[in-house]
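*Asks:* Following this message is one structure expressed as structure tokens.
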Amino acid sequence: MSTRAALLFVIALAILTIPSTAQMTNGIQPPVAEVNPTTLEKHGHQRVDNYFWLNQRENPKTIDYLNAENDYTDKVMEPTKALQEKLFEEIKGRIKQTDTSVPYKLDDYVYYTRFEEGKEYPIYCRKKAVGDATEEVMIDANELAKDKGYLAVSGREISAEQNILAFAVDTVGRRIYTIYFKNLATGETLKDEIPNVTGNMAWANDNKTLFYTRQDETTLRWYRIYRHTLGSDPAKDEIVFEETDDTFNCFVFKTKSKKYVMIGTNQTLSSEYRYLDASNPNGAFSVLQVRERDHEYSADHFEGHFYIRTNLSAKNFRLMKTPVAKTTKENWQEVIPHRSDVLLTRFEIFKDYLVLGERKSGLTQIRVMPWNGKGEHYLQFEEPAYAANLSTNLDFDTKLVRYTYSSLTTPLSVYDYDMAKRERTLLKQEEVLGGYDQKSYQSERLYAKATDGTMVPISLVYRKGMKKDGSNPLLLYGYGSYGASIDAGFSSIRVSLLDRGFIFAITHIRGGQEMGRQWYEDGKLFKKKNTFTDFIDCAQHLVNENYTNPSRLFIQGGSAGGLLIGAVVNMRPDLFKGAIAQVPFVDVVTTMLDDTIPLTTSEYDEWGNPNDKPYYEYMLSYSPYDNVEAKSYPNLLVTTGLHDSQVQYWEPAKWIAKLRTMKKDNNVLLLKTNMEAGHGGASGRYKRYREIAFEYAFLLQLLGVTF
């Protein structure tokens, strides 16, 4: 018997002996949150919230409670310490510790990112594009992170003459950045520092003017664009645009042609763009097309025209163009018509080619269209479930288009595709150490029938030799919001579960855009419950088809996907052995009624505005926190970050506190709060691996594996 086979055999034996979840807690008493009833009234309906006080971030009692929950979690998980360490070493052992990204070319330089063994953060570098050039280190994030519990670097915009780098740093995790400037010729960090910004920025063509975005201090809504001139006092920077509609956010970018600086402003159902000649940074921005309800569009520039992806009379979007001198919609000319079965997701313009990113039947595709009309074709991908996406393509005058490809079994691969020769060149495939053999794993694409008859796709992967006898542990992942499509991409980390007999599956439920724009619209507002019932129907399908059974079925989702997890464990707690809810949006009604909380007003068209009674009542009918009942629940691990700006820490904290008092079972209920991070969790790569090892250990412990 091979070493790997022996290991799997030992694990299989361990899984056969599953301890009771009461044994896992071993008599350890969980903390009990103080009950301090607050009456919340709306539309004549009174709700009593016993844990409303937990939203007081500065209250010592709040911090004490979060720390007590962390201590309890650590004690319950203490028997898995060796397993966590083993998983961490496995995960780390598959990652090439010293690694470099595929360089991309911008004018005279190629830019890339590299990691060094043992270091948490990336190093951002460049070289001259020709000759045997010497590496220039632009930013060593490891140096910036010294003595800091968290670090994120954003922006990284190069000036027109490629000698000044603007970059933004967040050391808290609340996505509030400070912009710094570095002279790349001298290595000097300039005295200009711009605090309390978003990290979104764009240079003008004069090599000294930077446009940047600032957020509202309370709601963190991106609402102002400023103009800064190097050497001037940032406190005196001029506001060039302010978005006064609190349902909209604004941002700034530069067109691929480098001709225009663009200000975009959008919300769920509407967009508006402004443009300014990048060589005239002190000029006034002009509106491309004034915003209209139910009209979304985006724009780029090429040879005297703006090219516009729009849903104007086109649910799945179409591509238009218009002269720069006549930008309003009555002047738009159709380039790519609307198609009812194809979602146009993006476009990339080259001198001789137009390249489209599309989605059909739930799968991504890349379409190449020469401007001369000859030789249009699609790139071919053979696997049943995969993710193929356009990558960094900054040059106009090239016949090469760069794209990425991966699947549930194929590591992330970066290709350059010659559009004239129809030949692809593999530039790099993620190297998976530790003997990973792609041929040892199998992926599938299934369809589950939803309650209303809709067929919902499921992508899944497992180790070959899996038997459909209902005995396999299975981790089912879902999201289903904001039109975000979850594609079947690769994860070397996931191999630690697959090699322990797990099946991993992704539900492509309504609320995403996998099957087109209507798929999204059928999973929001008054149709939001489709997201939850789709997920349950997919889980039931996997049970019915003998991939797993409820005593082996685990589920996972984060953020809006955490709302999904909260909703389905309320609706069908009997169907799942355990659940991981990461930074879950579970206190829907209270959050959406508070317009001082980040993301609230800009998301009324996603969830509904609870100030309107019909939306209030519908949201209240599924909000996980409001629908906790006195019944049995699956084992739960819930994670959050104290500084989370998207889903405030108090949502999962309140949910846990309420579940502790109401649930009628002895199953494990854990809350783990990262006291140094925000929505994305730990910032360093090794810290992140440890978080995942902890989550995997939680699942395996429920199956009786402690080492």
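The values are calculated or read from the model by the stated rules, or taken from the named source; none is laboratory data. Keep in mind it's a predicted model, so treat the numbers as computed, not measured. Heads up, the Cβs are rebuilt from the backbone with ideal geometry, glycines too, and the neighbour counts pull from every protein chain shown.
*Asks:* Does at least one position in segment 240-255 carry a residue that is surrounded by fewer than 18 Cβ atoms within 10 Å (Cβ to Cβ), at pLDDT 95 or above and over 23 Å from ARG221 (Cβ atoms)?
*Replies:* no
Yes or no, residue by residue, for (1) at negative phi; (2) not β-branched (Val, Ile, Thr):
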position	(1), (2)
MET201	yes, yes
ASN207	no, yes
THR213	yes, no
TRP222	yes, yes
ALA235	yes, yes
PHE248	yes, yes
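*Asks:* Further, regarding this structure: Go through the residues of segment 373-389 one by one and say whether even a single one is touching a strand residue (DSSP E or B) at 6+ places or on another chain (Cβ under 9 Å), over 23 Å from PHE490 (Cβ atoms) and surrounded by 19 or more Cβ atoms within 10 Å (Cβ to Cβ).
*Replies:* Within segment 373-389, not a single residue is touching a strand residue (DSSP E or B) at 6+ places or on another chain (Cβ under 9 Å), over 23 Å from PHE490 (Cβ atoms) and surrounded by 19 or more Cβ atoms within 10 Å (Cβ to Cβ).
*Asks:* Report every pair of residues separated by at least 6 positions or lying on different chains whose Cβ atoms are under 8 Å apart, first residue within segment 86-103 and closer than 15 Å to LEU700 by Cα and without any contact (Cβ under 8 Å) to a residue 60 or more places away in the chain, second in a loop (DSSP other than H, G, I, E, B) and among the aromatic types (Phe, Trp, Tyr).
*Replies:* Partner pairs satisfying both residue conditions: none exist.
*Asks:* Regarding ASP206, is this residue assigned to a loop (DSSP other than H, G, I, E, B) and surrounded by fewer than 22 Cβ atoms within 10 Å (Cβ to Cβ)?
*Replies:* Yes.
*Asks:* Name the strands (runs of 3 or more DSSP E) wholly within segment 389-506 that hold at least 1 residues that are in contact with a Gly (Cβ under 6 Å, 6 or more places away or on another chain)?
*Replies:* The strands (runs of 3 or more DSSP E) meeting that bar are 400-407, 455-463.
*Asks:* Between a residue in segment 59-70 that is assigned by TED's automatic domain parsing to the domain that holds ARG660 and any residue that is β-branched (Val, Ile, Thr) and part of a helix (DSSP H, G or I), which pairs come within a Cβ distance under 9 Å, given they are 6 or more apart or on different chains?
*Replies:* GLU69/ILE656
*Asks:* So which of ARG318, ARG309, ARG346, ARG339 ends up being in contact (Cβ under 8 Å) with a residue 40 or more places away in the chain and under 29 Å from the mean Cα position of the chain (by Cα)?
*Replies:* Criteria check complete, one pass: ARG346.
*Asks:* Within segment 135-164, can you find the residues that are touching a helix residue (DSSP H, G or I) at 6+ places or on another chain (Cβ under 8 Å) and on the phi > 0 side of the Ramachandran plot? Outline the logic, then answer.
*Replies:* Let us first name the residues in segment 135-164 that are touching a helix residue (DSSP H, G or I) at 6+ places or on another chain (Cβ under 8 Å), namely 151, 153.
Hits for segment 135-164: nothing passes.
*Asks:* Can you pull out the residues in segment 486-534 that are more than 25 Å from ALA388 (Cβ to Cβ) and among the hydrophobic types (A, V, I, L, M, F, W, C)?
*Replies:* PHE502, LEU525, PHE526, PHE532
*Asks:* Also, I was wondering about something else. Restricting segment 359-376 to residues that are of a type outside the set (Ser, Thr, Tyr) and within 18 Å of TYR405 (Cα to Cα), which is farthest from the chain's Cα centre (by Cα)?
*Replies:* Top of the filtered list is VAL368.
*Asks:* On to the next question. Which one of the conditions (1) surrounded by 16 or more Cβ atoms within 10 Å (Cβ to Cβ); (2) in contact with an Asp or Glu (Cβ under 9 Å, 6 or more places away or on another chain); (3) under 21 Å from GLY375 (Cα atoms) does THR310 fail to meet, given that it meets all the rest?
*Replies:* Exception for THR310: condition (3).
*Asks:* Turning to a different aspect of this structure: Quick one: which strands (runs of 3 or more DSSP E) sit completely within segment 552-660 and have at least 2 residues that are at pLDDT below 95?
*Replies:* By residue number, 635-641.
*Asks:* Then there's this: Kindly evaluate LYS105 against the criterion of being basic (Lys, Arg), modelled with pLDDT of 90 or more, out of contact with any helix residue (DSSP H, G or I) (no Cβ under 7 Å at 6 or more places or on another chain) and more than 30 Å from GLU193 (Cα to Cα).
*Replies:* No.
*Asks:* If I filter segment 440-482 down to residues being free of Cβ contacts under 8 Å to residues at least 12 places away in the same chain and not hydrophobic (A, V, I, L, M, F, W, C), which single residue comes out as farthest from GLY523 (Cα to Cα)?
*Replies:* Quick first cut of segment 440-482, residues free of Cβ contacts under 8 Å to residues at least 12 places away in the same chain only: 447, 453, 455, 465, 467.
Filter once more, so that each one left must be not hydrophobic (A, V, I, L, M, F, W, C): 447, 453, 465, 467.
Values: TYR447: 18, GLY453: 15, GLY465: 36, LYS467: 34 Å.
In this case the residue turns out to be GLY465.
*Asks:* Filtering segment 410-428 down to residues that are touching a strand residue (DSSP E or B) at 6+ places or on another chain (Cβ under 9 Å) and of a type in the set (D, E, K, R), which residue is surrounded by the fewest Cβ atoms within 10 Å (Cβ to Cβ)?
*Replies:* GLU423
*Asks:* Which condition breaks for THR73 when tested against (1) of a type in the set (Ser, Thr, Tyr); (2) surrounded by fewer than 16 Cβ atoms within 10 Å (Cβ to Cβ); (3) in the same structural domain as ILE580 (by TED's automatic domain parsing)?
*Replies:* THR73 satisfies all of (1) of a type in the set (Ser, Thr, Tyr); (2) surrounded by fewer than 16 Cβ atoms within 10 Å (Cβ to Cβ); (3) in the same structural domain as ILE580 (by TED's automatic domain parsing) except (2).
*Asks:* Restricting attention to segment 354-372, report how many residues are surrounded by fewer than 18 Cβ atoms within 10 Å (Cβ to Cβ) and either touching a Gly at 6+ places or on another chain (Cβ under 7 Å) or in a loop (DSSP other than H, G, I, E, B) (or both).
*Replies:* Residues that pass the stated criteria total 3.
Matching residues to (1) among the hydrophobic types (A, V, I, L, M, F, W, C); (2) under 26 Å from TRP519 (Cβ atoms); (3) crowded, with 18+ Cβ neighbours inside 10 Å; (4) not assigned by TED's automatic domain parsing to the domain that holds LEU412:
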site	(1), (2), (3), (4)
LYS449	no, yes, no, yes
PRO457	no, yes, yes, yes
VAL461	yes, yes, yes, yes
TYR477	no, yes, yes, yes
SER481	no, yes, yes, yes
ILE486	yes, yes, yes, yes
PHE490	yes, yes, yes, yes
SER496	no, no, yes, yes
GLY501	no, no, yes, yes
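*Asks:* Taking the stated definitions as given, is ILE493 of a type in the set (Val, Ile, Thr), within 21 Å of ARG94 (Cβ to Cβ) and under 19 Å from the mean Cα position of the chain (by Cα)?
*Replies:* Taking the combined requirement at face value, the residue satisfies it.
*Asks:* A further question on this structure: Tell me yes or no: at least one residue of segment 146-156 is touching a residue at least 60 places away in the same chain (Cβ under 8 Å), surrounded by 14 or more Cβ atoms within 10 Å (Cβ to Cβ) and closer than 26 Å to TYR415 by Cα.
*Replies:* No.
*Asks:* If you take the residues of segment 69-103 that are of a type in the set (Asp, Glu) and more than 21 Å from SER492 (Cβ to Cβ), which of them is farthest from the chain's Cα centre (by Cα)?
*Replies:* The residue in question is GLU78.
*Asks:* Follow-up. Go over the candidates ILE28, ILE15 one by one and state the one that is within 18 Å of LEU497 (Cα to Cα), of a type outside the set (Phe, Trp, Tyr) and modelled with pLDDT under 90.
*Replies:* Answer to the selection: ILE15.
Results for (1) surrounded by 20 or more Cβ atoms within 10 Å (Cβ to Cβ); (2) touching a strand residue (DSSP E or B) at 6+ places or on another chain (Cβ under 9 Å), shown as yes or no for each residue.
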| position | (1), (2) |
| --- | --- |
| GLY558 | yes, yes |
| VAL568 | yes, yes |
| GLY578 | yes, yes |
| GLN582 | yes, yes |
| VAL589 | yes, yes |
| ASP595 | no, no |
| LYS613 | no, yes |
| ASN635 | yes, yes |
| GLY641 | yes, yes |
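*Asks:* Let me ask something additional. Can you tell me how many residues within segment 401-429 are over 28 Å from the mean Cα position of the chain (by Cα) and not polar (S, T, N, Q)?
*Replies:* Summing the residues that are over 28 Å from the mean Cα position of the chain (by Cα) and not polar (S, T, N, Q) in segment 401-429 gives 7.
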